[in-house]
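To start, the structure itself, in structure tokens.
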Amino acid sequence: MSEKIQNNLYLLRDEVRERNSRKQLITKNVDFDYLNKFFRKKDFKEQKVQEDLSDLYDIKVYYKIIPSDVKWKDFISNVVEADQNILKLNKSSSESYIILFQNKITNKIYASTGGYAHITVKEIATTDFGIEILARIVKIDDKALKSVKERNLTGGIQGEIKFFRNDYNLYDNDSFGKIYNELNALLTKEILVKSFGFNLKDLNNNSLCIAKDSFSIKKSISFDELLKIIKRCEYLLENEDPIEINSVNKISRSEAILKENLFDTLVKHAYQNYIDSNNFYSIEISNKEFDKYFQAIKTKLSFYFKRKLQEIIFDDVFREFQSVLLKIIEVCGESLNYEDFKKIIESAKLETFDENDITLTSDNLSSHFCSEIIYDGQNYFLLEKDWYQIKKSFIDSINEQTSYFITENFYSGPTLSRWQGSSENDYNASYFKKTDTYVFDKFPHQNIEACDVLKIFKDEIYFYHIKKGFDNSMRDLCNQVYIASRKVFEDVKNDYKYLEGLYDLVKGNNGKTDYSKDAKKQFGTVTKKQFINKLKDKKIIFVLAVLDTSDSGRSLTNEISKFDSNIAKFTLVELSKNMRNLGVNFQILQLEK
């Protein structure tokens, strides 16, 4: 048997936060005493190690064996004779080990594992050790990438694995909002010698490394070589400046206490909204399946209050938390204390339905939250269940790219009116009776809002989506714009059936409000056929028109850093890219007060 095997290496956290028997939050140092107890609970037993293994590290070894039934024995017993060897043993076992290395000077603890022990170690390991090592041994333009596992903060693809036929670098694979979970990179013999102390004569080829929460080199090494690699990794972390691989860190399951604190902070912001409706904190309501969510015609909000299940039907979908608050107040009043309020939020569920009462989406209310908070001086995004820590470099990149996309897509159409009224609906209504202009706000056809205002100007048609406030709810609007543009462009190829239906919906509405009556009258003597003919053979342009509610007079085009909502900026950049990929003409306008 060989004395050399491939090894993975983890860096353990310095401390963890746990709850004691009285459910109080406490901080514990991750030292040998803590680890002895932690591994004992996981059925690992400490093993005696040889003396004088290392002058630099204290070393401990833990071992676990798990007996288990062989699940396929009953199946195979129907195939072979009863006296065959394959049926004689009904039990199997798996073995795992953990080796700990504690630096005698710094007290940093590293771990190497075998078998299934990595599952246990991940609970107390840092989440990016391998990526931090790789960031110190490659340059951003090195043609070293062989494959990656990555996630995206938004967009249709939540995660994917990429294999590169030819070597790529980080520039080649760059994409805004990308989070690398794992990178496989080629380490040259020069790097293996310089960074990890291998002898050149022992190296026949370059070697792959796997960088994720752990670091490993796809090369069999001895125990002495493993000790050298740990020492070299420590040197790299201490002395080499890293390139930035991830500017966004997803908060992992192992950081459950942090996620709990972040959520509690957000709920406290929501509670301030409940106490004082003027104390606005932007929390958008959305769903990962946003296509289905925004096509729903009604929503059921359910939660427990005074041990009784409350079910509220809402004739639309919730788009912001303030609308949910109004429904909670209708049932529970305005005098809930924080703990009771939190229990309602945690128990609440949203279920959406189509016109046939078929469920489209269903999830906890809190799983629909999208917001941004500052906690312990750090910026965090919450995007439908997942928390992300946002580094300053990411915020700088958001500002830079948002400014670029706004400049590239800046509005060049006919002049729009200054803002009138207190709401988006009031402003949209100001366009009734204007030439070749139609208001479709509040009239979703096939559960899709084509636009708020449609304007025909020369050889162009402008589909305006109007937004008051550049805040987290921009994410909702950006999703709407994307869905609407996709539908309209499909409709042009389908002989305008959707837009004909939109005409019928507005023209035939029997609403009693002045707004509904004005919407019905706006076509005048224009027939459906005449309306469609006005649209044919014209260039279609979608416009996102935003009113800044601040009194500072700041400009989206050249003062984007003065706008606080990074979620709004981020989703605007993503929308710009998605619209370009659809081949849609897209422009951005800042409305004047």
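The values are calculated or read from the model by the stated rules, or taken from the named source; none is laboratory data. The model shown is predicted, which means the values in this text are computed figures rather than measured ones. For neighbour counting, all protein chains shown are included, and Cβ atoms are generated from backbone atoms with ideal geometry for every residue, glycine included.
Scan region 371-393 and give yes if some residue there is touching a strand residue (DSSP E or B) at 6+ places or on another chain (Cβ under 9 Å), crowded, with 17+ Cβ neighbours inside 10 Å and assigned to a helix (DSSP H, G or I), otherwise no.
So far as region 371-393 goes, no, none of its residues is touching a strand residue (DSSP E or B) at 6+ places or on another chain (Cβ under 9 Å), crowded, with 17+ Cβ neighbours inside 10 Å and assigned to a helix (DSSP H, G or I).
Looking at region 346-359 only, could you name the residues that are within 21 Å of the chain's Cα centre (by Cα) and crowded, with 17+ Cβ neighbours inside 10 Å?
Within region 346-359, LEU350 is the sole residue that qualifies.
Evaluate the following for LYS108: is it farther than 30 Å from TYR235 by Cβ and not hydroxyl-bearing (Ser, Thr, Tyr)?
In short, no.
Just the residues that are part of a strand (DSSP E or B), surrounded by fewer than 20 Cβ atoms within 10 Å (Cβ to Cβ) and assigned by TED's automatic domain parsing to the domain that holds LYS73, please, taken from region 103-150.
Of everything in region 103-150, those that are part of a strand (DSSP E or B), surrounded by fewer than 20 Cβ atoms within 10 Å (Cβ to Cβ) and assigned by TED's automatic domain parsing to the domain that holds LYS73 turn out to be ASN103, GLY114.
Only residues in region 67-90 that are free of Cβ contacts under 8 Å to residues at least 60 places away in the same chain count as the first member; pair them with residues that are part of a strand (DSSP E or B) and among the hydroxyl-bearing types (Ser, Thr, Tyr), Cβ under 8 angstrom, at least 6 apart or cross-chain, and list the lot.
PRO67/SER92; PRO67/SER93; SER68/SER92; SER68/SER93; SER68/SER94; ASP69/SER92; VAL70/SER92
For region 291-340, name all the residues that are within 24 Å of ASN472 (Cβ to Cβ) and small (Gly, Ala, Ser).
ALA296, SER323, listed by residue number.
Return a yes/no flag: does region 175-190 have any residue that is under 22 Å from ASN103 (Cβ atoms) and touching a helix residue (DSSP H, G or I) at 6+ places or on another chain (Cβ under 7 Å).
No, region 175-190 contains no residue that is under 22 Å from ASN103 (Cβ atoms) and touching a helix residue (DSSP H, G or I) at 6+ places or on another chain (Cβ under 7 Å).
Suppose we filter GLU190, GLU260 for residues that are under 30 Å from GLN322 (Cβ atoms), assigned to a helix (DSSP H, G or I) and either charged (D, E, K, R) or in the same structural domain as GLU372 (by TED's automatic domain parsing) (or both); which single one remains?
Just one listed residue meets the conditions, GLU260.
I need a count of the residues in region 421-439 that are surrounded by fewer than 13 Cβ atoms within 10 Å (Cβ to Cβ) and free of Cβ contacts under 8 Å to residues at least 60 places away in the same chain.
Selection size over region 421-439: 4.
Counting only residues that are of a type outside the set (Lys, Arg) and assigned to a helix (DSSP H, G or I), which one in region 30-59 is nearest to LYS231 (Cα to Cα)?
PHE32
Which of the numbered conditions does ASP55 fail, given that it passes all the others? Conditions: (1) acidic (Asp, Glu); (2) under 35 Å from the mean Cα position of the chain (by Cα); (3) surrounded by fewer than 19 Cβ atoms within 10 Å (Cβ to Cβ).
(2)
Check ASP495, ASP504, ASP471 and return the single one that is loosely packed, with under 15 Cβ neighbours inside 10 Å, modelled with pLDDT under 95 and not in a strand (DSSP E or B).
ASP495
Can you tell me which condition SER94 does not meet? The list is (1) surrounded by 13 or more Cβ atoms within 10 Å (Cβ to Cβ); (2) closer than 30 Å to ASN184 by Cα; (3) among the polar types (S, T, N, Q), and all the others hold.
(1)
What is the number of the single condition among (1) touching a residue at least 40 places away in the same chain (Cβ under 8 Å); (2) assigned to a strand (DSSP E or B); (3) crowded, with 18+ Cβ neighbours inside 10 Å that ILE456 does not meet?
Result: ILE456 fails condition (3) only.
Which numbered condition trips up TYR62, out of (1) crowded, with 18+ Cβ neighbours inside 10 Å; (2) outside any strand (DSSP E or B); (3) more than 35 Å from the chain's Cα centre (by Cα)?
(2)
Do any helices (runs of 4 or more DSSP H) lying entirely in region 281-364 carry at least 1 residues that are closer than 20 Å to ASN447 by Cβ, and which ones are they? Break it down stepwise before answering.
Numbers: elements: 290-295, 321-332, 338-347.
Of the helices (runs of 4 or more DSSP H) lying wholly inside region 281-364, those with at least 1 residues that are closer than 20 Å to ASN447 by Cβ span 290-295, 321-332.
Per-residue answers, yes or no, for (1) at pLDDT below 85; (2) under 24 Å from the mean Cα position of the chain (by Cα); (3) surrounded by 16 or more Cβ atoms within 10 Å (Cβ to Cβ):
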| residue | (1), (2), (3) |
| --- | --- |
| VAL248 | yes, yes, yes |
| ASN261 | no, yes, no |
| HIS269 | no, yes, yes |
| TYR281 | yes, yes, yes |
| PHE321 | no, yes, yes |
| VAL324 | no, yes, yes |
| LYS327 | no, no, yes |
| ASP340 | no, no, no |
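Confirm whether LYS218 is at pLDDT 90 or above and within 29 Å of SER252 (Cα to Cα).
yes
Looking at region 69-88, can you tell me whether even one residue there is under 40 Å from the mean Cα position of the chain (by Cα), under 20 Å from HIS118 (Cα atoms) and part of a strand (DSSP E or B)?
no
On the basis of being within 29 Å of PHE457 (Cα to Cα), outside the structural domain of LEU382 (by TED's automatic domain parsing) and in a helix (DSSP H, G or I), does LEU572 make the cut?
Yes; evaluated as a whole, the condition is true for this residue.
Where residues in region 387-414 are within 19 Å of ILE179 (Cβ to Cβ) and among the aliphatic types (A, V, I, L, M), which of them is nearest to the chain's Cα centre (by Cα)?
So, considering only residues that are within 19 Å of ILE179 (Cβ to Cβ) and among the aliphatic types (A, V, I, L, M), the one nearest to the chain's Cα centre (by Cα) is ILE390.
Give the residue that is surrounded by the most Cβ atoms within 10 Å (Cβ to Cβ), with candidates limited to residues of region 195-224 that are more than 35 Å from the chain's Cα centre (by Cα) and in contact (Cβ under 8 Å) with a residue 40 or more places away in the chain.
The qualifying residue surrounded by the most Cβ atoms within 10 Å (Cβ to Cβ) is ILE221.
Step by step: first the residues of region 535-567, then only those that are more than 25 Å from ASP441 (Cα to Cα) and not in a loop (DSSP other than H, G, I, E, B), then the one that is nearest to the chain's Cα centre (by Cα). Which residue is that?
Per the stated criteria, the residue is ASN566.
Name the residues in region 1-38 that are surrounded by fewer than 11 Cβ atoms within 10 Å (Cβ to Cβ) and among the polar types (S, T, N, Q), would you?
SER2, ASN20, SER21, GLN24, THR27
Just checking, how many residues over region 575-584 are surrounded by 18 or more Cβ atoms within 10 Å (Cβ to Cβ) and either in contact with a Pro (Cβ under 7 Å, 6 or more places away or on another chain) or not in a helix (DSSP H, G or I) (or both)?
1
If you check ILE243 against the conditions, is it more than 22 Å from THR120 (Cβ to Cβ), among the β-branched types (Val, Ile, Thr), at pLDDT below 90 and surrounded by fewer than 18 Cβ atoms within 10 Å (Cβ to Cβ)?
yes
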